[in-house]
Structures are given as C-alpha cells and as structure tokens.
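Accompanying notes for the structure given below.
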Amino acid sequence: MLDPRIYRAAFFPLLFVLVLVGFSLREQPRGATTTLAPDAFDGAGAFRQLDALATAAPNREPGSAGDARIAARVREGLRANGFDVSSRRFQAQTSAGERTVETVLGERTGFSSRRILVVTQRDAVGSPARAQLSATAALLELARVLGQRTLDRTLVLASISGGPAAARELAQNPGGPVDAVIVLGDMAGTETVQPLVVPWGDDASVAPLQLRRTVELALGTEATLRSSGSSPASQFTRLAVPLTVGLQGPFVGAGLPAVLLSASGERPPAADQPVSRERMTAFGRTALRSVSALDSNPEVAPPSAYVLIERKLLPAWPIRLLGAALLLPVLLAAIDGFARVRRRHEPVGSWLRWVGACALPFVLGLLLTLLLKLTGLLDAVPPGPVAAGAIPRDGTALAAIVSVLVVIVLGWFALRPLVARLVGAQGDPATPGAASAVVLVLCALALVVWLVNPYAALLLVPALHFWLLAIGSQSRIHPFAALALFLAGLLPPLLIAYSYMHQLGLDPLELAWMGVLLVAGGGIGFGMALVWALLLGCAGAVLTIVLRSWSGGPEASAPVTVRGPSSYAGPGSLGGTESALRR
C-alpha cells in the first residue's frame, strides 16, 4: 500500500518550514514597572486580618456557613474602603457537589472604564487552610490601600467561592472590558513551589508575556524571589493537552490576560501549611506593585499560544505550519495507498465499518461517563480540573473508573466482533484494504485535531508515521519490528500523562479519576472527547493488524496449489525467471 518514493518526496517541504520556524523566533517583550512604592501594604495588619478570618470560619466548604461569614466580612471591608459592593449568587458544580455560591465584587471607578481584576478564592477543602485564606486577607489590605488612591483604570476586587465554576462565571461576566486579571493564591505559606507566577489556560493559550513579566519583576523586587520558567517540553505539554488546576485557567480560556500569583505554585497549599507574616508582606507588596504597574502602563495583549525557547518567543503560526508539513507525507501516502488498493479491487468500505466497530467500545466508555453524571451517581463534577484530593477518591471514584474500564473491555472482546459481523466487516484484517481504511481514518482525525489545536496534532505525528510503516509497508516487516513501531507511536501520549502526574502530584489512579471528572463535567468538550475515543479505536485496529501479522497474514493461511518437482513451489517453478527466459 505504501509507496516509499511518494512518502519520502513529501518530506521535502519540511525543509522550508524548518527555515521559517527558525526565522519566526522573536524577542520577548518586557514587563511594566511603576515608580509608586508599595510600602503602604501593611503586612502585619494583613496577617492579623488572616488570624481573625481563620478564627471566624475554620471550615469553609463552598456554600457553607463559614463561607458565608467570610463573604460578609469581605463585603464590609470593601464597603468601608470606598468600593461599590455587589454580590452575585448562583448554582454551581463544586468539589462538594452542587451548591449555591456567592461572588462578592468591589469596584472602584478610575478614569478609564477598562478594568483590572484582582481575584481570590475564599472557600477551601480541609481545615484550617490558613495559607489558602491568606489571599482574602491580602485582598482586604489591598482594598484599604487602593481605596485611597486615584486610579487610571477601574479596579475590581473579587472574592469567589466554588472553584472553576465561579471563576468561569466571573470570566464570562466581568462587567466591562478587562485589561488584566491577577488571581491571588497562597500569599503567606512558608513552602515555595515553582512556578510562583502561573500563566496556563484551560485551552491552548497562555497569559501574555508582558503580564507575566510585570508580575515576575514585582516579585523579584519585593520578595527577592524568581519564578522559574518551564522547559519547552513542559510548555508543549500544557498547549497540546491544556490542563491547569489554577483559577487563572478559566480567565485565560475566556480570552482575558490572567496569571496566578501563589507561593505554593499552581496547586493549592495543604490545609495544615504554616504561614508567615514576612511572606504575607512580600507577596502582598508584590500584588500591590503589579496592580500599580498595570494601572499606569499601556494595555496588555490578549492570551495566545507560544513557546519560550531560551530568550526567544516562538508563536503559534509556525507550529501550525510545521504540523501541516509533518502530516503531509502520511496524508499523501494514505491517498496513494487508497488508489492502489482500489485498483486491485480490494474492499475498503467494509474495513471502514470495521474501524468504526473498533472505536465503539471507547465511545461507549465516553457515553457511560456522561451517563454517570446525568443519573447523579457522580454528584461532584466541577466544570474544570481540581487539585488532587479536592474530590475524595472514595468508593464512588473507584466504581466509576472500574465501570468505564469494564465497558471498554467487554465492548472490545464481545460487542466489537458482533457489530463487525452485523455491518458486514468480516475477513482477515492483515490485508491492504484494512490498513488503508485505518490510515485514512487516522489522517482525517489528525486533520480535525490540527484545525483545533496544532500542538495536539504534533502529538499525533509520531503515531501516524510509525503506524503507517507498521501496517502499510508493501514488504512485510518483522512482527517484532511492527510491534515496536506501534508502541513507539504510543510514547508521546504516555509522556504527556507522566508529565502531568509529576507537575500536579497525581498517581495513575488519581489521573484516571481526573479524566473521568473532566469528561463528566465538561472540562473536555464532547466533540474533542469523541475524537480521542475514535483515535483510541484506531490504535486498537492497528494493534489488531500487527498481532494478525504474527501468523503471517492471509498469505500464510492460503493453501499451496502450485508445485514444481519434488514439491518445490518457489520462484522459477513455472518459469519466467531471468535464467529461464534466456533458455
């Protein structure tokens, strides 16, 4: 099926694309600064405020009485410092299930209607969670300082409860045009976890570099701390499979420039994390300096997709071009192979139905996950990822994971062969028609992924090339080599999973539980989840073809009907070789 000449020739445009990628690297923009001294932030006063808040409400699950007490204190503090205060109450899916939560907003109008948002989360899982509550204490101290200043931009201080659902609601209804969002996390914890300035979004975009550098410069000045950057591989992971447990994610996903400032990094601090007055002072002044710098400088660019390589910035458009150049050889080989198979009158339509039967078990697993939410068996399904331990991994979690796996396994071994027979997709899969059908479906799905997210398409490139060589080669390769090529195609997704386990502190079971919650809660859209289910079906089809090749394929099982002398049935037994023609 595979013509090596067409496949090799299709790599030629890649040379020009690599040159364009090299020339597309550009300098990084600088962050904004301010001449206003942030010494007005009283760290000792904020620390006393933290003690008072923690004593008033040691337990603050979303929508609880403790959560309501902290919301009331925030309203009083904002109003006392001259802010126009409003509240929004709504139903939200939280880590504790569906709850009525409240967002408290304090607005101070500036010369411009464009807004700077400072956002904190007041609810917490566990008790006393003083480090997580430190953001609310810092917010009230910022209200005291900024309530006395004349501002160029409108300042909005927001206290939310409910996690990703509340952040998404505020991102969709900010009340006006937004120039920047600073989410305050752990402002007083004694443990430091990098990165201290988190830019990731819940889609394939990142906070603008100007905003990141502004907060990082303030952090270096006030706390003498440096927020370490991520390696290109980690950045690619975040863009190819967007996932973040920080509350800046929904804002970036909504197109608002946002970062998270937190001593504990992306993950929330532990409930028993000790706090420090010195750390509260340093991070509070960092937040105040950042707001002052953003207030007095030009507008910040919107979020976009980019990768930082050393001191250069690589934008998204060369990545999209690179993905197209790497997909082109497989696409041309698939089209040419399909034409060759049709000229030989090999069936392809029936094998396309067979690929659909292979994908059916994974589609059923997807539908079961959604059904678990609709029936209420999963009662806590936030619309975005939450940190490990926020939703307990109890018997319900284990039952959900096991039930999905059982449906997939039973669907593959019992339902798949039955459906294949019903749709007329029978025969030996180790045929050119089956290989052509699988490669065509893989190419179609890869093009869909490339249109939505070029970084995710690069994730599929090794599988497309390796699997094409494993099942599409005209000269049969050794079964062990074919199996090695199949496993090599699975390596990039496995590395992505390992990277997230390391960055978010997850074990394999917690990662599977997070995946179930993301699908059930809509953190992964149904359309994209369906595409990945179909890709898993194609992987199963490729593995089936590879394993069938161990028995030699249909040629090995065909009986020998032509024999020469002494049962010889090799080349030359009927003449036609070069030596025979000379005679």
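The values are calculated or read from the model by the stated rules, or taken from the named source; none is laboratory data. As the structure is a prediction and not an experimental result, all values here were calculated from the model. Note that each Cβ is placed from the backbone with ideal geometry, even for glycine, and that neighbours are counted across all protein chains shown.
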Legend entry - Condition met for Q132 (part of a strand (DSSP E or B) and either crowded, with 19+ Cβ neighbours inside 10 Å or modelled with pLDDT of 95 or more (or both)): no
Inset, instruction - Within the stretch 69-87, track down each residue that is in contact with a strand residue (DSSP E or B) (Cβ under 7 Å, 6 or more places away or on another chain) and crowded, with 16+ Cβ neighbours inside 10 Å. - result: A71, V74, R75, L78, F83, V85
Inset, instruction - State yes or no: is G176 surrounded by fewer than 21 Cβ atoms within 10 Å (Cβ to Cβ) and not assigned by TED's automatic domain parsing to the domain that holds L458? - result: yes
Inset, instruction - Look at L142 and say whether it is closer than 24 Å to F47 by Cβ and crowded, with 18+ Cβ neighbours inside 10 Å. - result: yes
Inset, instruction - Scan the stretch 35-51 for residues that are part of a helix (DSSP H, G or I) and either over 16 Å from M187 (Cα atoms) or not small (G, A, S) (or both) and report the count. - result: 8
Legend entry - Any chance D51 is in contact (Cβ under 8 Å) with a residue 40 or more places away in the chain and of a type in the set (D, E): no
Legend entry - Any pair with Cβ under 8 angstrom, 6 or more apart, that starts in the stretch 341-355 at a residue that is at negative phi and in contact (Cβ under 8 Å) with a residue 60 or more places away in the chain and ends at one that is charged (D, E, K, R) and outside any loop (DSSP other than H, G, I, E, B): V348/R342
Inset, instruction - Could you name every one of the strands (runs of 3 or more DSSP E) located completely within the stretch 252-321 that has at least 3 residues being buried (at least 24 other Cβ atoms within 10 Å of the Cβ)? - result: 258-261
Legend entry - Filtered residue count, the stretch 405-423, keeping only those that are at pLDDT below 95 and either β-branched (V, I, T) or touching a Phe, Trp or Tyr at 6+ places or on another chain (Cβ under 7 Å) (or both): 3
Inset, instruction - Output yes when any residue across the stretch 523-531 is of a type in the set (A, V, I, L, M, F, W, C) and more than 24 Å from the chain's Cα centre (by Cα), and no when none is. - result: no
Inset, instruction - Please indicate, with yes or no, whether at least one residue in the stretch 389-398 is more than 22 Å from the chain's Cα centre (by Cα) and either at pLDDT 95 or above or hydroxyl-bearing (S, T, Y) (or both). - result: yes
Legend entry - Number of the exception - T103 against (1) touching a Gly at 6+ places or on another chain (Cβ under 7 Å); (2) hydroxyl-bearing (S, T, Y); (3) surrounded by 15 or more Cβ atoms within 10 Å (Cβ to Cβ): (1)
Inset, instruction - Report those helices (runs of 4 or more DSSP H) wholly inside the stretch 381-462 carrying at least 2 residues which are under 30 Å from W317 (Cβ atoms) and in contact with a Gly (Cβ under 9 Å, 6 or more places away or on another chain). - result: 432-452
